[in-house]
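Single-structure report; data block below.
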Amino acid sequence: MRGHRIHIFVGLMAVILLSGCDFLSMEQVPGPEAIRGRMGRFLVSPDQIRGVYRNLDIDSLVFTYSARVDGEAAFWGRLEKGLEGSRWTETERRGAMREYRRSYREGECDAERPDLAILSSFEVAQVFFDPASQTVAMAYVQADGRSSDTKFEDTGESQWAERAIWPRFRDLVSGK
């Protein structure tokens, strides 16, 4: 009986100690290298890259950076140039915000996403540029789908992004 209590005590202590450890969390603030590694094509003369949010379970990022460019036209032109040769396509434009998407169907892959063979993948990136401060705010979400007919909006990751990613992006854009 005494041995049984010791095991329970040790188990409870492990749970208490590990429950406060950051390495168990799926949420973190990404560093500049993680941002460069995933979103390098979207970085235009980046300076002061600041991570805001990253989820390791659902591949996503929210971050800001300063773009050393000479005006709005230069920023968007250089961004478009950086996206050339990739599957990223502009899908929406609202004022100073643009949305880009790319997808891979089951069995498709390329040099940027060599690991996709089983599921379809859908990626959405929203970019905001403030020419007065040369600040860029960006949010990114990747979603998986089991069918070629699936759209990003049909995935669970899309509904999750509505609660966890896009509000953070809107807060950055609005200066909150």
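Only the coordinates and a few stated rules stand behind these numbers; no lab work does. Given the structure is predicted, the values throughout are model-derived calculations rather than measurements. Reconstructed Cβ throughout: ideal geometry from the backbone, glycine too, with neighbour counts over all protein chains shown.
The modelled label-to-label distance between ILE118 and SER133, using points 7 Å beyond Cα along the C-beta direction, is 4.2 nm. Computed from backbone phi, the HN-Hα couplings of the range 125-140 come to 10, 10, 10, 10, 10, 9, x, 5, 9, 6, 9, 10, 10, 9, 9, 9 Hz, rounded to whole numbers (Karplus: 6.51 cos²θ - 1.76 cosθ + 1.60, θ = phi - 60°; Gly and Pro given as x). Summing charges over all other residues whose Cβ lies under 13 Å from the Cβ of GLU80, with Lys and Arg as +1 and Asp and Glu as -1, gives +2. A DSSP coil position with no more than 10 other Cβ atoms inside 10 Å describes the following GluC sites (Glu not before Pro) in the range 62-100: GLU84. Checking every one of the trypsin sites (Lys or Arg not before Pro) in the range 61-166 against DSSP loop status and a limit of 16 other Cβ atoms within 10 Å picks out ARG68, ARG87, ARG105, ARG146, LYS151. Converting phi to 3J(HN,Hα) with the Karplus coefficients 6.51, -1.76 and 1.60 and the offset θ = phi - 60°, the range 79-89 yields 5, 4, 4, x, 8, 4, x, 10, 7, 5, 10 Hz in sequence order, with x at every glycine or proline.
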